Amino acid sequence: MKHRSEFEKVVYDGKFRILISEEKIEKRLRELGKQITEDYRDKNPIMIGVLNGGFIFMADIVRHVEIDLEVDFIKISSYGNATTSSGEVKMLKDINAEVSGRHILVVEDIVDTGLSIRFLEKKFLELEPASLKFVSFLLKKDNARVEYNIDYVGFEIPNEFVVGYGLDHKQILRNLPAIYVMD
């Protein structure tokens, strides 16, 4: 059996091609972890992962951050089972932690339209954090519908539908170890 990153997966009668390899992901995780460690030394931040897609990136980035931090999760939806954003963001699960006066890092799997970021920014700023920054594994800059700022970006990608490394199609394919484009 071939290693998972070496094969072309066929699902839903569609082909997938690799866009970002496991090796490139690991290298970028180390770089981001180092940068966050330096930026948040002595600040005890709270990283808030956006479910479901952000859970793998969140777990991996936390392992590369070499300072004390707290984690929590929030769940929102703007896609459902579609391959493009509906434009409407819905809250499905709120955080449990007290974040007032804390340094918050919101960890997303992918940012494209910016609508989810705007929703999260508004929500968290109302809680009066000490600071609020965003980390996104993937960024589709050319797909923005609103202005937004991402402080830490893993990779900028073209406006293509991608799966793997936490990103899904109809709730599957999250477990692929790299990022694949659905052709």
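The values are calculated or read from the model by the stated rules, or taken from the named source; none is laboratory data. These figures come from a predicted structure and were not determined experimentally. Virtual Cβ from ideal backbone geometry, glycine too; neighbours counted across all protein chains shown.
Being of a type in the set (Gly, Ala, Ser) and either surrounded by 18 or more Cβ atoms within 10 Å (Cβ to Cβ) or in contact with a Phe, Trp or Tyr (Cβ under 7 Å, 6 or more places away or on another chain) (or both) is the filter; apply it to the stretch 48-85 and report the residue that is modelled with the highest pLDDT.
Looking at the filtered set, the residue picked out is Gly49.
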Exercise. Which fully enclosed strands (runs of 3 or more DSSP E) of the stretch 112-183 have 1 or more residues being out of contact with any Ser or Thr (no Cβ under 7 Å at 6 or more places or on another chain) and of a type in the set (A, V, I, L, M)?
Worked result: 131-139, 179-182
Exercise. So which of Lys122, Lys141, Lys90 is more than 28 Å from Tyr180 (Cα to Cα) and of a type in the set (Lys, Arg)?
Worked result: Lys122
For this session: Kindly establish whether Phe137 is within 19 Å of Gly49 (Cβ to Cβ) and surrounded by fewer than 17 Cβ atoms within 10 Å (Cβ to Cβ).
Result: no
Problem set entry | Top-ranked residue in the stretch 4-35 [being assigned to a helix (DSSP H, G or I) and at pLDDT below 95; ranked as surrounded by the fewest Cβ atoms within 10 Å (Cβ to Cβ)] | Glu6
Problem set entry | Candidate set from the stretch 86-99 (those that are under 23 Å from Arg145 (Cα atoms) and small (Gly, Ala, Ser)); member that is modelled with the highest pLDDT | Gly87
